[in-house]
Structures are given as C-alpha cells and as structure tokens.
1. Order THR343, THR398 by their accessible area, 1.4 angstrom probe, all chains in place, largest first.
2. Taking a probe of 1.4 Å, how large is the accessible area per residue of region 113-224, in Å²?
3. Using all alpha carbons of region 262-340, what is the percent of pairwise distances in each 5 Å bin, ordered from the shortest bin to the longest?
4. From largest accessible area down, sort TYR178, TYR125, TYR215; use a 1.4 Å probe on the protein chains.
5. Would you mind pulling out the separation of the Cα centroids of region 200-253 and region 285-340, in Å?
6. What accessible area per residue comes out for region 237-337, rounded to a whole number of Å², with a 1.4 Å probe?
7. How far is helix 171-192 tilted, in degrees, relative to the longest principal axis of the Cα atoms in the chain, given as a value from 0 to 90 rounded to the nearest 10?
8. Say a paramagnetic label sat at a point 7 Å from the Cα of LYS185, along Cα to Cβ; which residues of region 159-174 have their backbone N under 16 Å from it?
Amino acid sequence: MSLFRLPHQLVKSKRNKLIAFGIILLFSFTAIYMYSHYNAATKVKGDPMEASVQAYRVSKKDMLKKISFSGETVPIAQIDLSPKYAGKIVEVNVNLGDTVAAGQVLLVQDTMDSELTINQDQAAYDQAAADARTAESQFSSELQKAQVDYEVAQMNYNRYIVLKNEGAVSQKDLDTVYQALIAAKSTLDNLQTQNVGDTPAAIVSKQAAQAKAAYVIDSMKKQRDDLIIRAPRAGIISYRNAEVGSMAPANTKVLSITDNSGIYIDCPLSEADVASIKPGIPVSVSIESLANTYTGTITYVSPTMDTTTKTYIIRIALDNPDGSLRGGMFAQSSVKVLQRRNTLYIPKDALLEINGISKLYIITADNKIEIRQVKTGLRNDEYVEILEGLSDGDLIATSNTARLKDGTNVTIEKEVG
C-alpha cells in the first residue's frame, strides 16, 4: 500500500509548492505597486511640480493701442467726360491709355451751326450798337435845341415885360410870349428829367439792346466751345467710347481721365477706435499686390457715422505714390495711439479670468508661483491695464500657465518687459 501512496504524496507536495509560490508572487507584486504609488503620492503631496515659463516684468509705461485698418487705393481724381449737347463727332484726338495735359483738346463735335448762329448774332449786335450811337446823337441834338429855345424864349419874355411897361405892347402880347417860354421850359425839363441814373432813358434803352445782343453772342460762343471737349486736368485716358462720324448723345460718357499722381485710401473704423485717430498722424501703408510699403498721412476723419455700415471713414493720403500704384489695390495699415500715460499693463494672454474674477501668476523672489487676484482697466488687442493687485517691478508668468498652481516652482526661460 505504501508503494501506491508515495506518488500521490509527491503530487500533493508539488501542488502545495505551486500554490505557495503563487501566493508569494502575488504579495510581491502588491507590495511593489503599493510602494511605488505611495512614493508618487508622497511626492505630489509634499513637493510641488516644477515648470518652465516665460516671464514679463511689469513697469509703469505709456499704454499704447494698435489700431489696424484697410481699404482700397483710390486715384486723386477720376473724371467722366460727356458732351453737353448732342452732335456729330468730327475729331477724337486720344486713345485709351494716352497721357494728356490739362487743357488739351480731346474731342470735337461739329460746330458749323454754332458758327452760323454766332455770325447772325454778331450782325444783330452791330445793328444794336449803331442804334445806340444814333440815339445818343439824336438826344444830344434835341437837348441842345431845347436849351437854345428856352434861352431865346426867356430873353423874349424879358424884353416884352419892358415893352409892356412902356406901353409898346399889350397884355395879350405879353401873355403869348409867356406861354412860349413855358412851352420851351417844359420841353427842356422833359429831356433833362428822363434820365436813368446819369443817362437819358432813350439812350439806356438802345444800350440795353446792344448789351443783350452781346450776351447772345457770348452764349453762342460758349455753346460752340462746349462742343470741344478739353482735358480738365492731367491724367491718363481710362475710358474711350467715341468714333469720328458717330453721333454723341448729350450727357453720355464718351471719355474718362484718371489721375494717379495722388493716391488716397478710405478705411472704415469702429466707434471704439475712431476717437483715438486725428488728422496729421503719419502711417505706413502696405500694398500686398506690389509687395511694397508706402508712407502716408491721415488727412480726414469722418465727423459722422455711416448709418449703413455703422462705421466712420478715415482717409490716408500717400506721400509719394509711384507709377505702379493704381486704383482698387488692397491696402493695409496700422497706427499706435496712446491709451493711458504711465500705467501698469500686462500681455492679455497672461490674465486668467474665471466667473468675472481676474487673476495673475506672480513669480516670487524664490521662483515660486503666487496666484493673485487683480482689478483690470483698459484693454486692447495686446495688453490689459491692471488697476489694483500689481506693483511696479512685479514678475508674472506668461506661458505654460495651465500647469501652474500656488507654490509651483518655476524656471524662467525668458524675461521681457
């Protein structure tokens, strides 16, 4: 029987050893796991994490705000030319792209009818002038005769008074001479009192007719000149729709002149930005399509808001535009303006804001983090003003802030400010 029990005992002993070995291995793993997690927990609890950050040194300085704006280039002048009167085109002296000077003849319509009318009006003027001279001569003659007749009648009346007193003539004769004197005086007074100003009415009427005829001539000459289209200023022909022999309707565009010697840019600005912009501010303007930058000056700030776009318009005049600039090119610019003098401000990315509370990560003298609540003021795209909770010379963390807590040790990679 003992021979049959020995293998069974051996099997049982081997199983017990395996169980015992498994138990020992399980306890070993458990001990190692607990030890490692205990050390990690102890490290987290007892020693703060370390982080590398960039820092900003706070100091009182003028806080500047960057205002960016954009728009399209506009030529200093773009003028559409249209005939004032309908007429046949007899000359077109320019082609598309030609450079023209101020006063240069660009297009001529048929002036024959105007010339004939001017000749007729000139004849009417000459006749009116002759009538005016005749009236002057005639009036002068009549006035001179009336003055002589009055003087003769006066002397005759005085002589008849003497004769009456001597009994040489009757009272009836004296009355007849007196009536002649009164008639002569009336004729003279009539000529002397019909003046308009210092000129007799008869002459004024003829002179007015002469002047009217002169105005008619001037009007027709103006109409004839309007049939000749001249360049109102120097520039380049940018539109041409006219051919010799065709009829040009009145008030229809036939030519355009573009003057690129001056270029300006109109840019929309919001209500928040326009208050800081004043005429006279120099700016640098970038034209992306030309890969070039030009200097300019703000020359105009709109006094009222555009009710459609709800923006204000500012105008930038480029100082020295060259021939490569054309209308309609996209332009960008920016300017820095003062928001507050001698104040504390920080990069806006350094500010932590949760539920309306603003906080900063202050780096203490021993390179540890102190989370401090602050009160903010003015803001712009880059900076935030700090009114309370920050002192001149404080150092704040501006990067890697997601890993920072109170007491975190930090290594400063770079300091700015």
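1. Of THR343, THR398, the descending order of accessible area is THR398, THR343.
2. Solvent-accessible surface per residue comes out at 66 Å².
3. With a bin width of 5 Å, the distribution comes to 3, 14, 27, 22, 18, 11, 4, 0, 0.
4. Reading off the accessible areas and sorting them downward yields TYR215, TYR178, TYR125.
5. Each part's Cα centre sits 40 Å from the other's.
6. Result: 53 Å² of accessible area for each residue.
7. Its long axis makes an angle of about 30 degrees.
8. 159-161, 174
The values are calculated or read from the model by the stated rules, or taken from the named source; none is laboratory data. If you're wondering where the values come from, they're calculated on a predicted model, not measured in any experiment. In this analysis, Cβ positions are derived from the backbone assuming ideal geometry, glycine residues included, and neighbour counts consider all displayed protein chains. We work out accessible area using only protein heavy atoms, side chains counted, and drop any ligands, DNA or RNA first. Shrake-Rupley method; radii C 1.70, N 1.55, O 1.52, S 1.80 Å.
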